[in-house]
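A quick write-up on the structure given underneath.
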There are 2 protein chains.
Amino acid sequence: MLNAQQRESLSALLGPKGFLLPEDHDLAAYETCVRYGQGKAAFVLRPETSQQLSRAIALCHEAAVTLIPQSGNTGLVGASVPDQSGVQGVLSLDHLKGEIAFDPDNRSVTVGAGVRLSELNACLEPLGFSFPIDLGADPAVGGMLATNTGGARFLRYGDVRQNTLGLEVVLYDEQGTQLNFMKGLRKDNTGVDWKQLFIGTGGAFGVITRAVLNVEPLARDQAAALIVPRDDKAVSEILLALESRCGPLLTAFEGMSREAMLCAYDHVPSLRNPFAGGDVPEMALLVELSQSWETMEGEQPLSGRLETVLGDIWSFESEPLVDALVGSVHDMWSLRHALSEGVKHAGQIVPFDVSFTRRELMTFRSAMAEELPREFPGVRICDFGHIGDGGLHFNLVIPQDHQGYRDSSFVERLRAWVIVQVVERFNGSFSAEHAVGRSNQAFYDRYTPQKLKQMSEELKKMTSPDPLGAVTLS
Amino acid sequence: MLNAQQRESLSALLGPKGFLLPEDHDLAAYETCVRYGQGKAAFVLRPETSQQLSRAIALCHEAAVTLIPQSGNTGLVGASVPDQSGVQGVLSLDHLKGEIAFDPDNRSVTVGAGVRLSELNACLEPLGFSFPIDLGADPAVGGMLATNTGGARFLRYGDVRQNTLGLEVVLYDEQGTQLNFMKGLRKDNTGVDWKQLFIGTGGAFGVITRAVLNVEPLARDQAAALIVPRDDKAVSEILLALESRCGPLLTAFEGMSREAMLCAYDHVPSLRNPFAGGDVPEMALLVELSQSWETMEGEQPLSGRLETVLGDIWSFESEPLVDALVGSVHDMWSLRHALSEGVKHAGQIVPFDVSFTRRELMTFRSAMAEELPREFPGVRICDFGHIGDGGLHFNLVIPQDHQGYRDSSFVERLRAWVIVQVVERFNGSFSAEHAVGRSNQAFYDRYTPQKLKQMSEELKKMTSPDPLGAVTLS
């Protein structure tokens, strides 16, 4: 815990708005994750600059308090909130903003870790650009880097790692050492690419304070379709046919289960149900084409192209399509983005953010549809996800009248069973784009080879000699 | 050095074709790099499998001999050949091939480190795909990974890092520990992404033995143009205009200096000179558009699109274009790919593979054109490169009648001076895509912060407790 002098030093360093104690009204917001997880903070630090953050870490090092780095606080795995002990401090990136500096020639932007995705894009859009990671939530840049998010347009633009040209990091060591990798070069191979160590590791080795990010031109034309595939096997055929016919115009290929769509319609009654006769199919695919350039004379708009391509796939001998509706891009994404909220309101959600090779994803889904009801009767599979890149939000919902509702041992059995299927049987990942966090620690422990655990521990010692950062990968 | 028993064990393990001694006829080829560098090998190991390679490393560990990993041996920085001492062994990846396994659903391929880029593509092309890293040389996969090459289509497809979905690695430790990261997932954030440590670090931490790589559909239509920009400043304007009008259709934006083109024409007299009146401009840009899908009814082929877009840029008030010729894609790349050979025959080449932000690259070129002749009279600047991603092959040529020709102290002064400009003045990188190697060791020593050197050393100790691998990053 901090003594009186340490409190005073932190308060002097960060100002009254930068150092919150439990008696401060604003502190509670940092104890509860917007989505999952809740704890108790001894204090909250809100530095405005990397220098302040560095000095604050050095001060906390003296006091030997554990810091939990917290960015937008929108994660799924309980990584951003303190535990229940009340002795951990929250190191918030909220105020770490600074100037958003766009470099048109380099097609890149320099941005502070506390800037929200929506803020960044609000700044870039009038200039004709955006940071191309498309998410339902609104995280801040630091957390997007620490979890290496990918989102719904990964298929076209890759993940955060692939769009990071520079990083600034502060280590949890005695000095709060600042490391600067901010040249913003697209090609640079002069030794270890240290940026990679901090991307996707949840702040385990240091706090990301600033970044140089690649930006992409805004879409000038878009088209979207809802597709009902014949069955799980047809999904891959449709994906490959679209990739072959549309190349980089294909910017999203999302899957939505009937159960997830039903939850969304229940929770958001105003949502338009576009399916024939109001019926909801077993699965629907959301397909999007985008182009950032103007359509030329004689060319169809993308909606026309999408209709032509779907017509083509429609006539395949294998008959992979049952239905396909080209319609409003906005309406279709409204449905997609309502799934998350809808599912949350259907009961107790047990969320999984898993991934597979594109081949195995559909096999996993089929197997689960058959086996899960047998193993865990009454639990609903309300999944959706990024079929085009192998990522799946495999959400299970325990209805309120189910005996396992709010029964933590039931939930733990359920989680363990699913992850065994994901990792051991379908060679998948237990965390696609939310990093390890508290929720996945047991799976990390179980599935990480001893040699790699040991190497991670040594990295941890190397970057911060004392285990000040509470995020452990060991 | 190996004793008799160790020789026998290696010979028994690898067979007569897998273990070469200086008296073997085939050994000499491993002592000289195809491009730069020459040394003397005590022996050469050519394992056929990762298991053999692992056991060979364990045996060499006992003997405490230094191994130099050698892949396609086409690098620029002397990383792939042994030194002059005659006591180092070469660990060749030549025979590490195995099956090339294409996964159509995952759009990926599993491949051994010894497979050449041309072999890989010969296998993928009949299937309608290629590994999208486009290089003048023909390296093997292991070396491409170890140097993180990018090449001429980086602008569209990124570097090797961005196209790597899986890696298998053997460490230089006592056991020759094998690490397997071969799931081939596109999204996976479950701790440290260890693949990243081995990509671009020149084999310093282990030997890459296999990989899962992303593949991309082949182009079905292409168009190329040679463009003469008004001046250096116009180059950036043309690049941004093309990006904005062509998006991901723009697959290359290469720059070629007059001096480099003259060298190519001198060396390859059959090369067609497309410029008006046979004159060669100060600089030419090679622009390529590609699409992997069929042109639809009513659409122009890409050559028509490129003409329209260039006509548009032609009419800019700033008049960025002096000349623009849309022509044969093959002819234009023939010129581009002849530059490297041409420059080599013009005298003693002092090659630099440097990079900058896209903004600084042209500023660097202008400054060098003015200052280098003053500092080093008579040295020719024959540069060319990947303007679209900031990479520049800044080749200097010392003519045969120059006093500095084959004068190593002159060459060292020249190299040091250029790198000071690159790194200290223009905030660039001394190695864009050939890693550190022997040639850049002095620059690594000079420009790597102490803390990072120390961290690299610790990584080295962690992955291989004894300094068996000769590639050092410390």
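Considering segment B:227-251 alone, what residues qualify as being within 14 Å of chain A (Cβ to nearest Cβ) and either hydrophobic (A, V, I, L, M, F, W, C) or open to solvent by less than 10 Å² (accessible area, probe 1.4 Å) (or both)?
First, the residues of segment B:227-251 that are within 14 Å of chain A (Cβ to nearest Cβ): B:232-251.
Across segment B:227-251, the qualifying residues are B:234, B:235, B:238, B:239, B:240, B:241, B:242, B:246, B:249, B:250, B:251.
Scan segment B:161-174 for residues that are facing another protein chain (nearest Cβ under 10 Å) and in a loop (DSSP other than H, G, I, E, B) and report the count. Residues that pass the stated criteria total 2. Do you know which residues across segment A:14-23 are surrounded by 12 or more Cβ atoms within 10 Å (Cβ to Cβ) and closer than 19 Å to residue A:88 by Cβ? Matches in segment A:14-23: A:14, A:18, A:19, A:20, A:21, A:22.
Being over 24 Å from residue B:190 (Cβ atoms) and open to solvent by less than 10 Å² (accessible area, probe 1.4 Å) is the filter; apply it to segment A:192-213 and report the residue that is farthest from the other protein chains (Cβ to nearest Cβ).
We begin by selecting, within segment A:192-213, every residue over 24 Å from residue B:190 (Cβ atoms); these are A:209-210, A:212.
Retained after the next criterion (residues that are open to solvent by less than 10 Å² (accessible area, probe 1.4 Å)): A:209, A:212.
On the way: A:209: 16, A:212: 9 Å.
The extreme case among them is A:209.
Among the residues examined, residue A:327 does not qualify as of a type outside the set (Val, Ile, Thr), more than 14 Å from every other protein chain (Cβ to nearest Cβ) and farther than 18 Å from residue A:252 by Cα. Residues in segment A:24-59 that are surrounded by fewer than 23 Cβ atoms within 10 Å (Cβ to Cβ) and of a type in the set (A, V, I, L, M, F, W, C): A:27, A:28, A:29, A:33, A:34, A:42, A:58, A:59.
Being among the polar types (S, T, N, Q), surrounded by 14 or more Cβ atoms within 10 Å (Cβ to Cβ) and away from chain B (no Cβ under 14 Å) is the filter here, so list the residues in segment A:391-430 that pass it.
Going residue by residue through segment A:391-430, those that are among the polar types (S, T, N, Q) are A:395, A:400, A:403, A:408-409, A:421, A:427, A:429.
Retained after the next criterion (residues that are surrounded by 14 or more Cβ atoms within 10 Å (Cβ to Cβ)): A:395, A:421, A:427, A:429.
Selection gives A:395, A:421.
Every test in (1) within 24 Å of residue A:212 (Cβ to Cβ); (2) surrounded by fewer than 23 Cβ atoms within 10 Å (Cβ to Cβ); (3) free of Cβ contacts under 8 Å to residues at least 60 places away in the same chain; (4) in contact with a strand residue (DSSP E or B) (Cβ under 8 Å, 6 or more places away or on another chain) is passed by residue A:126 save one, and that test is (4). Contact map, segment A:431-448: first residue more than 7 Å from chain B (Cβ to nearest Cβ), second residue in a helix (DSSP H, G or I) and open to solvent by 60 Å² or more (accessible area, probe 1.4 Å), Cβ cut-off under 9 Å, separation 6 or more or different chains; pairs are A:442/A:412; A:447/A:424.
For segment B:343-371, what are the residues that are of a type outside the set (A, V, I, L, M) and open to solvent by 40 Å² or more (accessible area, probe 1.4 Å)?
Within segment B:343-371, the subset of a type outside the set (A, V, I, L, M) is B:344-345, B:347-348, B:351-353, B:355-360, B:363-366, B:370-371.
Result: B:344, B:345, B:359, B:360, B:363, B:366, B:370.
Set side by side, the residues B:404, B:390, B:428 differ, and just one is in contact with a Lys or Arg (Cβ under 7 Å, 6 or more places away or on another chain), modelled with pLDDT of 95 or more and not basic (Lys, Arg), which is B:390.
Is it the case that some residue within segment A:288-305 is assigned to a helix (DSSP H, G or I), surrounded by fewer than 17 Cβ atoms within 10 Å (Cβ to Cβ) and away from chain B (no Cβ under 14 Å)? Looking through segment A:288-305, none of the residues is assigned to a helix (DSSP H, G or I), surrounded by fewer than 17 Cβ atoms within 10 Å (Cβ to Cβ) and away from chain B (no Cβ under 14 Å).
With B:176, B:136, B:158, B:142 as the choices, which residue is modelled with pLDDT under 95 and either in contact with a strand residue (DSSP E or B) (Cβ under 9 Å, 6 or more places away or on another chain) or within 25 Å of residue A:388 (Cα to Cα) (or both)?
Working: B:136 fails: either in contact with a strand residue (DSSP E or B) (Cβ under 9 Å, 6 or more places away or on another chain) or within 25 Å of residue A:388 (Cα to Cα) (or both); B:158 fails: modelled with pLDDT under 95; B:142 fails: modelled with pLDDT under 95.
Going through B:176, B:136, B:158, B:142 in turn, the sole match is B:176.
Only one of the numbered conditions (1) closer than 17 Å to residue B:290 by Cα; (2) within 14 Å of chain A (Cβ to nearest Cβ); (3) surrounded by 23 or more Cβ atoms within 10 Å (Cβ to Cβ) is violated by residue B:224, and that is (2). At least 2 residues being small (Gly, Ala, Ser) and under 23 Å from residue A:205 (Cα atoms) is the threshold, and among the strands (runs of 3 or more DSSP E) wholly inside segment A:63-129 those reaching it are A:89-92. Considering only residues in segment A:131-142 that are in contact (Cβ under 8 Å) with a residue 40 or more places away in the chain and open to solvent by less than 20 Å² (accessible area, probe 1.4 Å), the one that is nearest to residue B:190 (Cα to Cα) turns out to be A:142.
The values are calculated or read from the model by the stated rules, or taken from the named source; none is laboratory data. Because the structure is predicted, anything quoted here is derived from the model rather than measured. Using ideal geometry, Cβ is built from the backbone for each residue, glycine included, and neighbour counts are taken over all protein chains shown. The protein model used for the area step is the full one, side chains on, heavy atoms only, and it has no ligands, DNA or RNA in it. Shrake-Rupley method; radii C 1.70, N 1.55, O 1.52, S 1.80 Å.
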